[in-house]
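To start, the structure itself, in structure tokens.
The values are calculated or read from the model by the stated rules, or taken from the named source; none is laboratory data. Keep in mind the model is a prediction, meaning the values are calculated, not measured. Cβ: placed from backbone, ideal geometry, glycine included. Neighbour counts: every protein chain shown.
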Amino acid sequence: MTYTLWILITGCLVGLTCGITGSILVLRKMAMIADAISHTVLLGIVGAFFVTQSLNGLPMLIGAAVVGLLTAFFVETLHRSGVQSDAAIGVVFTSLFALGVVLIAFIGDQVHLDVQHALMGEIAFVPWNTLQIGGESYGPIAVWMLGGVLVLNTLFIAIFYKEIKISTFDPQYAILIGVPVVFIHYLLMAMVSLSTVASFDSVGAILVVAMLIVPGATAYLLTDKFFSVIWMSGAIGILSALIGYGAAVSFNVSIAGSMASATGLLFLLAFLFSPKHGLVFKRQRMTST
Amino acid sequence: MEAFLTSLSNANFQWVLVGSLLLGFASGVIGSFVLLKKQSLISDAMAHAALPGVCIMFLIFEVKNVPILLIGAAITSLLATQAIQFIINKSRIKTDAAIGVIISVFFGFGIVLLTYIQQNSSGSQAGLDSFIFGQAASLVKSDVQLISGGAFLLVVITVLLFKEFKLTLFDPQFAKGIGLPVSFLNGLMLFLVVAIVVIGIQMVGVILIAALLITPPLAARYWTENLGIMAILAGIFGAISGVSGAVISTTVVGLPTGPVIVLSASLIFFISLLFGTKNGFLQRRVRGV
Amino acid sequence: MQAINVTNLTVSYDRNPVLENVSFTIPNGSITGIIGPNGAGKSTLIKSILRLIPSNSGEVEVYGKPYGQQKQLIGYVPQRSEVDWDFPTNALDVVLMGRYRHIGMFKRAGKAEVAWAKECLKKVGMQDYAQRQISQLSGGQQQRVFLARALAQDAMVYFMDEPFSGVDAATERAIIELMKKWKQEGKTVIVVHHDLQTAEDYFDHILLLNKQTIDFGETKKVFTLENLEKAYGGKIAFLQRTPSTAKEPTAHGSLSYQPE
């Protein structure tokens, strides 16, 4: 029982952490940067391994944050030098991701890290990998990491709430009234990187991308308030994790893939039936007027 | 080195070389159109969306018949582009988030199907994973013939209709005015992209095939401002990447082909970025921009 | 007292000059229109003054001190098309953004700030729309929300980028009234404007721009056939101009700019 519970907690934490962080990126029209970063942190993890020769939590987090910020920086620099932004994203993330995958092939024998793991994670092993202090077990490491990143992200959003809001809505005006727009940008990039790497081990890159983008897009169809988009996105992330887990167990399929599909299902429902912006009600309004 | 020379004399390997060369060339040429249409990331979505198509066809026909699987891939790829367009047109979701939603949900669902196949079907399913990252070494002669023949055909179509495509891209209104079938040509361009993605996934994999469309044209852009020369140069860059990727990954055991091909392309891009005669980094420095 | 002093401002995109050595001095308490043909660099000019885009060279002084030290005196009404009106927020919230500098980092808006923002909405006749989602406002109403935000800023010098484009008559009047009120309070207003027909009525000073300063000064002095031909490259057709037709917004007007 506790085994299942830990897996559910992990899934929900991924949904919540990625959901709230990703929703802001969706509003900033940077969903594909989130996609890029969640691929490239693999290189950060491999890089951390080369430096420390182990796959420990903290160096991994640092490596991922560094590569995540570098990704955002490279994309920005290329874009500024005249490359269209989507092509810039494409070339940067495929390059860094390919480098990560190739490096893994060299170290794959030494550690428990392979490409399949990076893509799909191994949430089923999460409950066994516990935090040990003085012989005592304090619950899964993944849950601690995710919890930590969740607290950090929530704090950042709470502290810089209005700065994030204005630099998202009207960045030029934000610059004019003295909001540190560049700092906020890279802060968000760091939040995405941290969320990704904390989730990576348990659910892999696919689910991270799904949880970063889809709940935010879904919430955006459901509400017209900035704050509601953020919290609803977290709630939708949790709901997707629960539905996805249920489906994965009943059909005996990949838990991460199933949770990603669940985000898609909820998106489809909102796309069709959202009272404010759903296709069905929009059409009804059109025919009634 | 010895291993390399032995494999060179291997007939199957020679086929792989021809296939990777033609595939690289065709994707570079077609990628030039994708870049100008600003659809780099949409092509990434098409590539990811090929996975569920492959799996669905396998589930229906229960054989690993490559042409049938690839037809499935083409169907879901097309479905993904239509879905992205539909989301953008019918809701407030913007392009980047729409692409992100489709990429992650289609791919997540593909993983669900892949694990379902692994759990439930007997025997011959092995090898479907190679659609994720590509594996040149596992290609059989008929696969490579399909890749080579397909790529060759796509290049021929592109060459024959080059000036029509060019005008349609540059000024669709004018193209329509002089009587070109603009919507047919646009449809044909979409077909070319889907086709190159589909025939390329066995060698490069769905995750990184888009890089072969994005990176070589972007690199070529640093050497010329003429679309014709750019397409040819992109083709040559793509061909070099394809061949070096195939050679390296077959020689060094355990290296997946796709990431190595992409890294080769990235290296060419990086060199072009630095030394390119059109807006390259050094040249900008010299000019003092 | 000089409100704004711009010296030798040069801006270029990838070696193509957009603005070349633009210099002018705007007196305090004036309403200045920046006028010029498409591509003359009008929006670029105010954006580079406000440091929203980088300039190659040049200096900007506000009330005799460098721009960097006087930022808190500057108000800005961007073009409506520059933001995404689907953003999930309401009108009141947008107006409150004008108070963010006063509220300061980390802190949330207090009751006094909210009351102030509501007051500003009222001043532009939008008090009934405070809770309305911004995408559900008309173009003119959105423009008025931006005006209220600028009001909330309580600045000394206001920059407005094409405020009159695509708005209804009521909003147009609201903008003109606001400009006059600001002028009475001794504030300075600088407006990017593309419509030659109304320019003479709206502004007391005009900066005629086409990559370089063609002329700057009081409207009567600047608004001459010779200057306009210089700015628009001789593509101006002057018809008989009489005061009565000038006031008539529906008539084709006395002065028309005919693009090729």
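Please find, among A:75, A:66, A:101, the residue that is more than 21 Å from residue B:281 (Cα to Cα) and crowded, with 24+ Cβ neighbours inside 10 Å.
On inspection, the qualifying residue turns out to be A:101.
Report whether or not residue B:63 is of a type outside the set (S, T, N, Q) and closer than 30 Å to residue B:269 by Cα.
In short, no.
Which members of the range B:200-233 meet the condition of being small (Gly, Ala, Ser) and buried (at least 24 other Cβ atoms within 10 Å of the Cβ)?
Across the range B:200-233, the qualifying residues are B:200, B:205, B:210, B:211, B:219, B:220, B:231.
Out of A:280, A:203, A:249, report the one residue that is of a type outside the set (D, E, K, R), touching a helix residue (DSSP H, G or I) at 6+ places or on another chain (Cβ under 6 Å) and surrounded by fewer than 16 Cβ atoms within 10 Å (Cβ to Cβ).
One residue alone meets the criteria, A:280.
When you go through A:195, A:258, A:250 one by one, which is the residue that is more than 13 Å from chain B (Cβ to nearest Cβ), in a helix (DSSP H, G or I) and at pLDDT below 95?
A:195
Please tell me if residue C:31 is touching a residue at least 12 places away in the same chain (Cβ under 8 Å), surrounded by 20 or more Cβ atoms within 10 Å (Cβ to Cβ) and in contact with an Asp or Glu (Cβ under 8 Å, 6 or more places away or on another chain).
Yes; evaluated as a whole, the condition is true for this residue.
Considering every residue within the range B:219-237, establish whether at least one is over 14 Å from the mean Cα position of the chain (by Cα), of a type in the set (Val, Ile, Thr) and at the interface with another protein chain (Cβ under 8 Å from one of its Cβ atoms).
Looking through the range B:219-237, none of the residues is over 14 Å from the mean Cα position of the chain (by Cα), of a type in the set (Val, Ile, Thr) and at the interface with another protein chain (Cβ under 8 Å from one of its Cβ atoms).
Output the strands (runs of 3 or more DSSP E) that fall wholly within the range C:153-220 and possess 2 or more residues being modelled with pLDDT under 90 and closer than 14 Å to residue C:45 by Cα, or say none.
The strands (runs of 3 or more DSSP E) meeting that bar are C:205-210, C:212-218.
Within the range C:212-222, which residues are charged (D, E, K, R) and crowded, with 18+ Cβ neighbours inside 10 Å?
Matches in the range C:212-222: C:215 only.
I need the full set of residues from the range C:187-207 which are more than 20 Å from residue C:155 (Cβ to Cβ) and surrounded by fewer than 24 Cβ atoms within 10 Å (Cβ to Cβ), in order please.
C:194, C:195, C:196, C:197, C:198, C:199, C:200, C:201, listed by residue number.
Scan the range A:155-173 for residues that are within 30 Å of residue A:132 (Cα to Cα) and surrounded by fewer than 17 Cβ atoms within 10 Å (Cβ to Cβ) and jot them down.
A:155
List every residue pair whose Cβ atoms lie under 7 Å apart, where the two residues are 6 or more positions apart in sequence or sit on different chains, the first residue falls within the range A:209-220 and is at the interface with another protein chain (Cβ under 7 Å from one of its Cβ atoms), and the second residue, located anywhere, is surrounded by fewer than 24 Cβ atoms within 10 Å (Cβ to Cβ) and in a helix (DSSP H, G or I).
A:214/A:264
With the condition being within 14 Å of chain B (Cβ to nearest Cβ) and touching a residue at least 12 places away in the same chain (Cβ under 8 Å), I'd like the helices (runs of 4 or more DSSP H) fully within the range A:58-159 carrying at least 3 qualifying residues.
Those helices (runs of 4 or more DSSP H) span A:85-107, A:115-120.
Mind checking which residues of the range C:147-178 are touching a strand residue (DSSP E or B) at 6+ places or on another chain (Cβ under 6 Å) and β-branched (Val, Ile, Thr)?
Of everything in the range C:147-178, just one residue is touching a strand residue (DSSP E or B) at 6+ places or on another chain (Cβ under 6 Å) and β-branched (Val, Ile, Thr), namely C:157.
Determine if the range A:167-188 includes at least one residue that is facing another protein chain (nearest Cβ under 7 Å), over 22 Å from residue B:103 (Cβ atoms), among the aliphatic types (A, V, I, L, M) and in a helix (DSSP H, G or I).
So far as the range A:167-188 goes, yes, one or more of its residues are facing another protein chain (nearest Cβ under 7 Å), over 22 Å from residue B:103 (Cβ atoms), among the aliphatic types (A, V, I, L, M) and in a helix (DSSP H, G or I).
For the range C:163-198, which residues satisfy the criterion of being of a type in the set (D, E, K, R) and under 23 Å from residue C:222 (Cα atoms)?
Selection gives C:180, C:183, C:187, C:195.
Residue A:224 fails exactly one of the following numbered conditions: (1) in a helix (DSSP H, G or I); (2) surrounded by fewer than 24 Cβ atoms within 10 Å (Cβ to Cβ). What is the number of that condition?
Residue A:224 satisfies every listed condition except (1).
Going through B:46, B:57 one at a time, which residue ends up being within 13 Å of chain A (Cβ to nearest Cβ) and either in contact (Cβ under 8 Å) with a residue 12 or more places away in the chain or not in a helix (DSSP H, G or I) (or both)?
Among B:46, B:57, only B:46 is within 13 Å of chain A (Cβ to nearest Cβ) and either in contact (Cβ under 8 Å) with a residue 12 or more places away in the chain or not in a helix (DSSP H, G or I) (or both).
Working carefully through the options A:151, A:214, find the one that is at pLDDT 90 or above, under 20 Å from the mean Cα position of the chain (by Cα), hydrophobic (A, V, I, L, M, F, W, C) and over 17 Å from residue A:23 (Cβ atoms).
A:151
What tally of residues in the range A:11-39 results from selecting those that are within 18 Å of residue A:167 (Cβ to Cβ) and more than 13 Å from chain B (Cβ to nearest Cβ)?
Of the residues in the range A:11-39, 2 are within 18 Å of residue A:167 (Cβ to Cβ) and more than 13 Å from chain B (Cβ to nearest Cβ).
Can you tell me how many residues within the range B:38-86 are more than 13 Å from the chain's Cα centre (by Cα) and of a type in the set (Ser, Thr, Tyr)?
Looking only at that region, the number is 2.
Just need a number here: residues in the range A:29-63 that are closer than 30 Å to residue C:87 by Cα and surrounded by fewer than 24 Cβ atoms within 10 Å (Cβ to Cβ).
Matching residues across the range A:29-63 total 1.
Where the second residue is at pLDDT below 70 and surrounded by 17 or more Cβ atoms within 10 Å (Cβ to Cβ) and the first is in a helix (DSSP H, G or I) and lies in the range B:1-23, which pairs have Cβ atoms under 8 Å and are six or more apart or on separate chains?
B:13/B:7
Scan the range C:11-42 for residues that are under 13 Å from residue C:209 (Cα atoms) and among the β-branched types (Val, Ile, Thr) and report the count.
The qualifying residues number 5.
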